[in-house]
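The values are calculated or read from the model by the stated rules, or taken from the named source; none is laboratory data. Owing to the predicted nature of the structure, the values given are computational and were not obtained by experimental measurement. So basically every Cβ, Gly included, is an ideal-geometry build from the backbone, and we count neighbours across all protein chains shown.
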Amino acid sequence: FSLSCAEQTKKINYSKKFKNYSNKGFTLIYDEKLFKSKFINKKLNDRSLLIFNNALEKETPIRITNLINGKYLLAKVGINANYPLFYNSVVSKRIASELEINLNEPYIEIKTLNQKNSFIIAKAKTFDEEKEVANKVPVEEINIKNIANNENKNRVVTNKSKSKVSFKYIIKIADLYFEDSAKILKNKLLIEYDITNVKIKKMSKNSYRIYKGPFNNLDSIKREYINIIKLNFENIEIIKL
């Protein structure tokens, strides 16, 4: 993904109180060049199992899923960082490698772990320690700890068949309970914010989705997403069709 100065992060008023947070969108894979170019203002170790995500508190345990191939792993949220608004997170090269994230379509889901499941990430090792581990453990395996039975387990995440679906996404602005509420929001987006071509789709009896799209290329969805994310809606998502 190429980045422009216009995509730099601005202050977004996230509540940081999500208990059951789930968000689908594109992630940015950390590279030292991004830090030196000031597209990201914090460093991230290549071997880290931490991610940058400004919607969640530091140390929040999460599951990251590559929605293109189904692979997932457990990680934690690191410190707050500034990064381009378009991305829902920044992940390390290790995470990108283990999940086999496609640089041209790094579409992932971030989901907080239900405390009842009692899954957490084992404490991250230092880079020097992990160099030794990397020589012994296949990259497809990750260690997770189950607090409920106090046992360490290895989970091998299998790769689903690769998607052959073309690039086609929508921007989900909100899901509302009443159709009238959806129509009011659609009109408000047009009149007050000049956001055109917003659509409403009935998802179920009591769910109406306000969205924009579909988009068939990355540049077009980036432009629209940057305009919409500035409105500070609680959980805007990018959904693959």
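The figures follow:
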read-out: Selection status of Ile238, modelled with pLDDT of 95 or more and over 23 Å from the mean Cα position of the chain (by Cα); value: no
read-out: Search result, residues across the range 218-241 that are touching a residue at least 24 places away in the same chain (Cβ under 8 Å) and over 14 Å from Tyr107 (Cβ atoms); value: Glu224, Ile226, Asn227, Ile228, Ile229, Lys230, Leu231, Asn232, Phe233, Glu234, Asn235, Ile236
read-out: Verdict on Thr126 being surrounded by 16 or more Cβ atoms within 10 Å (Cβ to Cβ), at pLDDT below 95 and of a type in the set (Ser, Thr, Tyr); value: no
read-out: Residues of the range 76-111 that turn out to be small (Gly, Ala, Ser) and surrounded by fewer than 17 Cβ atoms within 10 Å (Cβ to Cβ), as a count; value: 1
read-out: In the range 212-241, the residues that are farther than 18 Å from Leu85 by Cβ and surrounded by 13 or more Cβ atoms within 10 Å (Cβ to Cβ); value: Pro214, Lys240
read-out: Filter result (part of a helix (DSSP H, G or I) and either within 10 Å of Thr27 (Cβ to Cβ) or assigned by TED's automatic domain parsing to the domain that holds Ile226 (or both)) within the range 85-113; value: Ile95, Ala96
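Residue by residue, here is whether (1) crowded, with 17+ Cβ neighbours inside 10 Å; (2) modelled with pLDDT of 95 or more holds:
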| residue | (1), (2) |
| --- | --- |
| Asn20 | no, no |
| Ile29 | yes, yes |
| Lys38 | no, no |
| Ser48 | yes, no |
| Leu56 | yes, no |
| Glu59 | no, no |
| Ile64 | yes, yes |
| Leu67 | yes, yes |
